[in-house]
Amino acid sequence: MTLSDFFKANPKAALGFSGGVDSAYLLYSALQNGAEVRPYFIKTPFQPAFELEDAYRLTKQLHIELTVIEHNILQDACVAQNPSDRCYHCKAALFGLLKSRAMEDGFTLLLDGTNASDDAGDRPGMRALQELEVRSPLRECGLEKEEIRRLSKEAGLFTWNKPAYACLATRIPTGEVITAAMLQKVEQSENAMFRMGFTDFRVRVFHGAARIQLPSDQYGRAVEYRSELVKELKPYFDSIFLDMEGRG
């Protein structure tokens, strides 16, 4: 099955939209195939500001309106307490909210951007999507990440080379309560590092300190700009560490 086949069979749907590589290409493909697909972005404390900015930029490029729903997911104790299955509870809450809103707007089918490269064993949130009967056209059509990037580049989408970006909650160790204040510290620290030219990194919380994970080819830059890194992150964390295992 191709995406064209999928949208011929399902010409009207709501899309859980993040502004990332996958959901951006899925939205583009839906529109190219004449489907009526409405993108919804759920803004929670888990998304940094730039994600919503990218979502607006992409929908503007495609000349379609973005619906934004604000929700304080930290009011859900099953999420804020940060258990090992936090992602399941978070997805269930957010897509449950999205499904209700979409049905009010006249959409009975809900889509997400999961692709064929995503391992269900590594994505506990997929169980929530299955329970809510959320469809994943990219996955169903066998489209993997690199192919989606290639097709996105051909389509002229600026998201084609956007790095993968897990939500801010993943920076907090499992079992440690997630607070809005801590998420803001992480976001501000990562924003500072983006401004310094670092890419595809994470600032993780480690016993109250910042543990920076970088791709191995950026270690030299971290050492070169050590003083500036410390200066930028000190307003948010008393201690700053560089994880020598880095990002794979």
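Approximating the spin labels as points 7 Å out from Cα along Cα→Cβ, the residue 244-to-residue 188 distance works out to 3.1 nm. Our helix-only sum for the chain, with -39,500 (n - 2.57) per DSSP H run of n ≥ 4 divided by its residues, gives a mean residue ellipticity at 222 nm of -12500 deg cm²/dmol. A crude spin-label estimate for the pair residue 81 and residue 133, with each label 7 Å from Cα along the Cβ direction, gives 3.1 nm. Loop-located GluC sites (Glu not before Pro) in region 190-248 (DSSP state not H, G, I, E or B) with no more than 11 neighbouring Cβ atoms inside 10 Å: 245. Tally Lys/Arg at +1 and Asp/Glu at -1 over every other residue whose Cβ is under 14 Å from the Cβ of residue 168; what's the total? The answer is +2. Counted by neighbouring Cβ atoms within 10 Å, the residues 165, 225, 40 run from fewest to most as 225, 165, 40. Neighbour counts of other Cβ atoms within 10 Å put 187, 36, 146 in the fewest-to-most order 146, 36, 187. Each Lys or Arg adds one and each Asp or Glu subtracts one; over the other residues with Cβ under 10 Å from the Cβ of residue 213, this totals +2. Residues 56, 28, arranged from fewest to most other Cβ atoms within 10 angstrom of their Cβ, appear as 56, 28.
Each reported figure results from applying straightforward, stated rules to the coordinates on display, with no laboratory input. What you are looking at is a predicted structure, and each value in this text was computed from that prediction instead of being measured. Glycine gets a Cβ as well: all are built from the backbone with ideal geometry, and neighbour counts include every protein chain shown.
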